[in-house]
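The values are calculated or read from the model by the stated rules, or taken from the named source; none is laboratory data. Keep in mind it's a predicted model, so treat the numbers as computed, not measured. All Cβ positions, even for glycine, are placed from backbone atoms using ideal geometry, and neighbour counts span all protein chains on display. Note: accessible area is taken over every heavy atom of the protein model, side chains too, but ligands, DNA and RNA are not part of it. Shrake-Rupley method; radii C 1.70, N 1.55, O 1.52, S 1.80 Å.
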Amino acid sequence: MKGIELRSDTFTLPTDEMIDAIVQAHRQGRLGDDVAGEDEVVNELQDKAARILGKEAALLVTSGTQGNVISLLTQARPGEEVVVERMSHTFLFEGGAMSSLGGLFPKPVEGVRGYITPETLESVISPDNPHYARTAMVVIENTHNYAGGVIVRPEQMDALARVAHDHDMKIHCDGARLFNAAVALDITASRLVREIDSVQICLSKGLSAPVGSLVAGTEEFIHDAHRVRKRLGGGMRQAGIIAAPGIIALEKMVDRLREDHQNAQTFYRELSGLDGLIIERPETNILFIRLDNFKIDAAGLAAELKKRGVLVYGEYGERVRFVFNRMVSAEDTMYAAGAVREILEKAGKNS
Ligand SMILES: Cc1ncc(COP(=O)(O)O)c(C=O)c1O
């Protein structure tokens, strides 16, 4: 037994239908050289993604990180700055890509539960003065991972875009989990990114495809993004073997994200009454607990959970993250909640 996988939704395995789709794409002669634009399956996926996101065009990329980096390098020039939320993926977890690969200068700001308010953005845009780097872009993460799968509402997206556009800036959405936000709000993903210039979505998280992300925007943006993707070594040949599961991901796996959200709610309900536990009601599939009041830290809880067959990352200090996903059933959820309760009760509270 591998265990109940709550480390990340990136651990989701492809479905049988996804694997069949790869074989079918090959049998039907639909694979081709995508660098030459001749893989029919990739073209179908890109058209589908563009339609779903309400954008003119889309491009398949290898990963969420690559999609974010391509979007930034395509729309900002070396020496320009990009406003990012202090705990965002683009700032913290992409190996410094925007500066090392693109000469871009990240300007981190404090968000409100992950959201950069329009007022904050307004206050950090550099004056048009040669002493300063030009503020070229802002990145908004939706849902925001580190804040706990928090949703940025469409009106919040629009408001931030308005400030960016008023200052001749571009706005990029890191939508690694954009569909979680859309499903939770019961709105389309395209509504969320209506005023956004470029968006990146991941196929390989809750949507369960094995590999791949897409970036979407105007025809012109995608035309230029092609060159940056090539420069980064992201031009793939018979990429239809990635696109085929990606099509199933977009067609069949979006709605079922609701199950992950329900499991996160169940987990919250099971543990919210536990004396001393700091826990926030989840909005989507990610939930953090804080252990400040207990005689055990995150690494200790992760180690104890592992002994009981429950896998979580333990390197968040006093915080432990639980990410609900297709590999975790309602029954698993109850079991995991029971295990957390048992361990914390046994560890006891700080006096
Ligand atoms: C919010 C967010 N953005 C981007 C990424 C990067 O995706 P990838 O791991 O495919 O590079 C992740 C990955 O977990 C993420 O959580």
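Structure values in brief
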| item | result |
| --- | --- |
| For the stretch 14-252, radius of gyration divided by Kirkwood radius, i.e. Rg to Rh on alpha-carbons | 0.98 |
| Taking the C-alpha atoms of the stretch 256-347, convex hull volume expressed per residue in Å³ | 79 |
| Residues of the stretch 315-334 with amide N under 20 Å of a point placed 7 Å along Cα→Cβ from residue 293 | 317-322 |
| Theoretical FRET efficiency, 1/(1+(r/R0)^6), r = Cβ-Cβ of residue 110 and residue 51, R0 41 Å, to 0.05 | 0.70 |
| Pairwise FRET efficiency - residue 265 versus residue 318, Cβ, R0 = 25 Å, nearest 0.05 | 0.60 |
| Label point at residue 168 placed 7 Å out along Cα→Cβ; residues across the stretch 40-78 whose backbone nitrogen lies under 14 Å | 77 |
| Sequence-separation-based contact order of the chain, relative, with Cα cut under 8 Å and 6+ spacing, percent | 24 |
| Fraction of beta bridges assigned by DSSP in the chain that are antiparallel (%, nearest 5) | 50 |
| Kirkwood Rh and Cα Rg combined as Rg/Rh, the stretch 169-241 | 0.99 |
| C-alpha center-to-center spacing [the stretch 122-163, the stretch 209-239] in angstrom | 23 |
| Residue of 214, 92, 45 that the Gaussian network model of the chain assigns the largest fluctuation, springs spanning Cα pairs under 10 Å | 92 |
| Among 82, 23, 193, residue whose mean-square fluctuation peaks in a GNM of the chain (springs only between Cα atoms under 10 Å) | 23 |
| Kirkwood Rh (inverse of mean 1/r, distinct Cα pairs), the stretch 58-135, angstrom | 13.2 |
| Residue-normalised accessible area of the stretch 256-347, given per residue in Å² at a 1.4 Å probe | 44 |
| Where Cα atoms sit under 28 Å apart: lysine pairs in the stretch 14-252 separated by 8 or more or lying on different chains | 16 |
| Loop sites in the stretch 228-284: trypsin sites (Lys or Arg not before Pro), DSSP, at most 11 other Cβ within 10 Å | none |
| Linear extension gain, residue 218 paired with residue 231, 0.36 nm per residue minus alpha-carbon span | 2.7 nm |
| Rough spin-label spacing in nm, given labels placed 7 Å along Cα→Cβ, for residue 258 and residue 349 | 3.8 |
| Length added when fully stretched, residue 133-residue 251, from 0.36 nm per residue minus Cα-Cα | 38.2 nm |
| Per-pair calculated FRET efficiency, R0 = 35 Å: residue 40 and residue 330 via Cβ, rounded to 0.05 | 0.35 |
| Share of carbon and sulfur in the accessible heavy-atom surface of the chain [1.4 Å probe, %] | 49 |
